[in-house]
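Novice: Below are the structure tokens for one structure; questions will follow.
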Amino acid sequence: MSARPTDPMPNAGQGPVRRITVPQIAAAKGKTPLVALTAYSAPMAALVDPHAEVILVGDSLGMVVHGLPSTIGVTLDMMILHGQAVMRGSARAMVVIDMPFGSYEESPEQAFRNAARVMAETGAGAVKLEGGARMAPTIRFLTDRGIPVMAHIGLTPQSSNTMGGFKTQGRDQATWPAHLADASAVADAGAFAVVVEGVMEALADRITDTVAIPTIGIGASARCDGQILVLDDMLGLSGRVPRFVQKFGDLGPRADQAIADYADAVRTRSFPAPANLYR
């Protein structure tokens, strides 16, 4: 696979494609922005892989794939199943798998058991967990034992019930010190990168300037060290999307039309055509 001119992590030489590593992601701080997208299946991972440095198997799969009302009902088995599929469909991007709600909050030991299972059964490069300073001891516990961790601060969807919904963070500047403390805590604990979600632009800029690890924004700032979106949102496959999402494609209506055309062809017996039959 040839490297794109702006590719911050080209594969050297003409040998087999090698997966991007945690040190490479960490070293991207302040350089060419990191491209990250979610994927939940092997075919979608194969489409994303040539273009992204990070593929996140997000617990958003609960809503996007399984039709759940939130991420709260996602299980560890679901994350592992989809993680295995994404690993099969990708070759270059580093795959990060979300730790689902209830799989890591109880104790660092619980987090390690479940994260170790995710890593062993999928072969992924890292796990991601939500929470700032309160999760720093767990992040340290995991990284000290060889499990790379991507942190997630700001708007943390698994905590939406206590937050009172999906609310933008940092509107009140008096809350900024707490968010900055969260960012510093996860970086000091050993996280190699941090997702900054749903925060005011100026706060995201301050966080990016403060921590030595890459910030990956979603609803944050263009100055973050990378950006991530839910793939189905940016392809126009998921209906109404948040303000921070830009639709880079509008595949939903096209898919609807294709399905309607197929249904019409079946009902009028124009499909299968002679070219589709064995004679």
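Novice: Given the -39500 (n - 2.57) contribution per DSSP H run of 4+ residues, what per-residue ellipticity at 222 nm results for the chain, rounded to the nearest 500 deg cm²/dmol? Don't skip to the end; give the middle numbers.
Specialist: On the way: 11 runs with 103 residues, N = 279.
My calculation for the chain gives -10500 deg cm²/dmol from helical runs alone.
Novice: Now a separate question. In whole Å, what are the extents of the stretch 31-77 along the principal axes defined by its C-alpha atoms, from largest to smallest?
Specialist: 36, 24, 17
Novice: Please give the peptides 52-65, 123-136, 266-279, 172-185 ranked by average Cβ packing (other Cβ atoms within 10 Å per residue), highest first, as a rough proxy for protection. Could the numbers behind the result be given before it?
Specialist: On the way: 52-65: 24.7, 123-136: 21.2, 266-279: 7.9, 172-185: 16.0.
Final packing ranking: 52-65, 123-136, 172-185, 266-279.
Novice: How high is the relative contact order of the chain, in percent, with contacts defined as C-alpha pairs under 8 Å that are six or more residues apart? Numbers along the way, then the final one.
Specialist: Values: 525 pairs, mean separation 42.8, N = 279.
About 15 percent, as a whole number.
Novice: Please give every one of the aspartates and glutamates within straight-line cross-link reach of Lys31, meaning a C-alpha to C-alpha distance under 19 Å, and leave out same-chain neighbours fewer than 8 residues apart.
Specialist: Cross-link targets: Asp7, Glu53, Asp205, Asp209, Asp225.
Novice: Computed from these coordinates, which is P(r) over Cα pairs in 5 Å bins from 0, in percent: (1) 1, 6, 12, 16, 18, 16, 12, 7, 4, 3, 2, 2, 1, 0, 0; (2) 1, 5, 12, 15, 17, 17, 14, 10, 6, 2, 1, 0, 0; (3) 1, 5, 11, 14, 15, 14, 12, 10, 8, 5, 3, 2, 1, 0, 0?
Specialist: (1)
Where a number appears in this text, it was derived from the coordinates with a stated rule and is not lab data. Small disclaimer: the values here were computed from a predicted structure and weren't measured. Glycine also receives a Cβ, built like all others from the backbone with ideal geometry; neighbour counts cover every protein chain displayed.
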